[in-house]
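Step one of this worksheet: look at the structure below.
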2 protein chains.
Amino acid sequence: MGKKGGKRPVGGLAKGRKTRETIVDRAMRIAAREGLGALSIGPLAKELKMSKSGLFVHFGSKEKLEAAVLERAADIFFGQVLDRAEVVEAGIERLWGLCDFWLEFVENRVLPGGYFFGGAFFLHAGQDGFISRQLREVVREWLKALRQAVDEARHRGEIRIAVNAKRTAFELNSLLIGAQWSRLLDRVDYSHARSAILTKLKSIATEKIPPNAFDSVMAWRHYLGTRD
Amino acid sequence: MGKKGGKRPVGGLAKGRKTRETIVDRAMRIAAREGLGALSIGPLAKELKMSKSGLFVHFGSKEKLEAAVLERAADIFFGQVLDRAEVVEAGIERLWGLCDFWLEFVENRVLPGGYFFGGAFFLHAGQDGFISRQLREVVREWLKALRQAVDEARHRGEIRIAVNAKRTAFELNSLLIGAQWSRLLDRVDYSHARSAILTKLKSIATEKIPPNAFDSVMAWRHYLGTRD
């Protein structure tokens with residue numbers, strides 16, 4: 001969401017923004033590991049070698065800091081998963097891209113810990129308030145991207161017309177969350193998850209795609225690289 | 001795990017145990033909604049009309065209270081899901097039972113909120129310490145029950161011999177976690193999840209089971225009620 005490039009702000013304003021970014025970034029890393037509930041103005045200020053009042057100037061309240069942290073995490077997620085998938089060809093390739101980039105994003109520990117890709121949602125989504133609404137919004141946007149990719153793949157004749165986009169999005173999302181779960185349990189990699197996703201895609205694909213393209217991640221990448 | 005019946009303790013010991021149970025129960029309900037991190041001795045003592053020191057007599061530390069809460073939650077989970085499934089016939093019926101009871105357990109809000117069936121694990125499982133180890137232990141036992149049910153179903157000729165038990169457990173668990181996720185997002189029921197589970201079971205079943213048995217939850221229950 002945050003646009004890069006363009007005019008370069010100068011002076012106090014730029015410095016203020018830089019400080020604000022540093023605070024949000026630090027807070028986001030704490031929250032990623034321990035949850036938004038673990039954010040505490042005092043220790044955070046101490047860690048950043050600031051006074052509590054100095055930190056308050058930038059946010060005014062813990063709630064506003066939490067909102068800023070969540071917004072930053074969402075921006076990073078959208079940038080690294082949804083925006084990347086936008087560049088990929090629409091249809092089944094983009095559907096795979098969304099899942100693949102999601103897994104890559106977690107693999108690369110862009111946001112460490114299991115909070116933002118699991119914990120936060122389970123903990124807050126059923127509640128009221130700003131944070132919960134924001135979290136639901138991010139997840140809705142993500143599921144919408146999955147559904148749209150399914151619909152496009154259907155229109156392109158890559159996925160059978162009878163396939164339910166909402167249900168497919170639910171099942172793919174479940175495999176991704178389940179993969180996070182397995183990784184936290186056994187510290188395994190995601191090859192398991194990727195092959196489960198390919199099996200799912202195979203079960204809904206049309207004969208337009210050769211069945212052996214779904215046999216392995218390597219076979220799938222080869223297929224994507226060689227198709228018209 | 002806690003055995004019922006048998007000798008009935010009397011006097012101070014029984015009273016002490018009763019008080020301890022009341023504290024754990026109250027704390028578990030708070031944690032179920034807001035997480036173990038939200039447990040705080042002071043407010044909890046106030047709510048239970050006890051002194052902080054009176055509460056400390058029973059647990060000694062916040063960590064011990066957290067451990068007791070987690071143990072209680074695990075006991076309830078095992079009692080309502082695993083123990084119930086033990087009574088069901090081994091094989092594909094038990095595999096379905098494990099998933100069905102898991103969903104029922106969450107539907108009935110035996111433990112409210114999204115913490116114990118999602119949040120807690122995502123937040124703590126990747127960390128060190130007693131709580132994290134306990135959580136991983138519970139999840140391991142649950143996945144083991146799923147795997148064993150798959151293995152038994154294979155031995156009984158209900159599931160194809162080539163089916164990988166570990167992967168099937170991963171996929172079924174993913175659908176359950178994903179269903180929790182959807183419910184938190186849209187407050188939907190679990191009919192979606194149950195039919196996705198039946199579709200999964202259909203894809204791994206042998207011809208011993210008539211394919212239309214997997215068409216709907218009603219068809220499946222009818223099949224279970226009428227088979228030898």
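The values are calculated or read from the model by the stated rules, or taken from the named source; none is laboratory data. From a predicted model like this one, the values you see are computed outputs, not experimental measurements. Heads up, the Cβs are rebuilt from the backbone with ideal geometry, glycines too, and the neighbour counts pull from every protein chain shown.
Inside the range A:173-195, can you point out the residues that are more than 9 Å from chain B (Cβ to nearest Cβ) and touching a residue at least 60 places away in the same chain (Cβ under 8 Å)? Selection gives A:ASP189, A:TYR190, A:ARG194.
Filtering the range A:41-60 to residues that are within 13 Å of A:GLY16 (Cβ to Cβ) and aromatic (Phe, Trp, Tyr) leaves only A:PHE59. Cβ-Cβ contacts under 7 Å between residues 6 or more apart (or on different chains), taken from a first residue in the range A:14-37 that is touching a residue at least 60 places away in the same chain (Cβ under 8 Å) to a second residue that is hydroxyl-bearing (Ser, Thr, Tyr), are listed as A:ALA31/A:TYR115; A:ALA32/A:TYR115; A:ARG33/A:TYR115; A:GLY35/A:TYR115.
Scanning the range A:21-48 for residues that are over 24 Å from the mean Cα position of the chain (by Cα) and either farther than 23 Å from A:HIS124 by Cα or more than 14 Å from chain B (Cβ to nearest Cβ) (or both) returns A:ILE41, A:GLY42, A:PRO43, A:LEU44, A:ALA45, A:LYS46, A:GLU47, A:LEU48. When B:ALA205, B:ALA196 are screened for being over 17 Å from the mean Cα position of the chain (by Cα), modelled with pLDDT of 95 or more and among the small types (Gly, Ala, Ser), only B:ALA205 passes.
The set of residues from the range A:204-215 being in contact with a helix residue (DSSP H, G or I) (Cβ under 7 Å, 6 or more places away or on another chain) and polar (S, T, N, Q) comprises just one member, A:ASN212.
Within the range A:49-78, if we keep just the residues that are surrounded by fewer than 13 Cβ atoms within 10 Å (Cβ to Cβ) and not in a helix (DSSP H, G or I), the residue that is nearest to the chain's Cα centre (by Cα) turns out to be A:SER61.
For the range B:78-110, the tally of residues that are within 13 Å of chain A (Cβ to nearest Cβ) and modelled with pLDDT under 80 stands at 1.
Checking each residue in the range B:79-117 for being within 11 Å of the chain's Cα centre (by Cα) and aliphatic (A, V, I, L, M) picks out B:VAL81, B:LEU82, B:LEU98, B:LEU103, B:VAL106, B:VAL110, B:LEU111. Is it true that some residue in the range B:111-127 is assigned to a helix (DSSP H, G or I) and away from every other protein chain (no Cβ under 13 Å)? No, the range B:111-127 contains no residue that is assigned to a helix (DSSP H, G or I) and away from every other protein chain (no Cβ under 13 Å).
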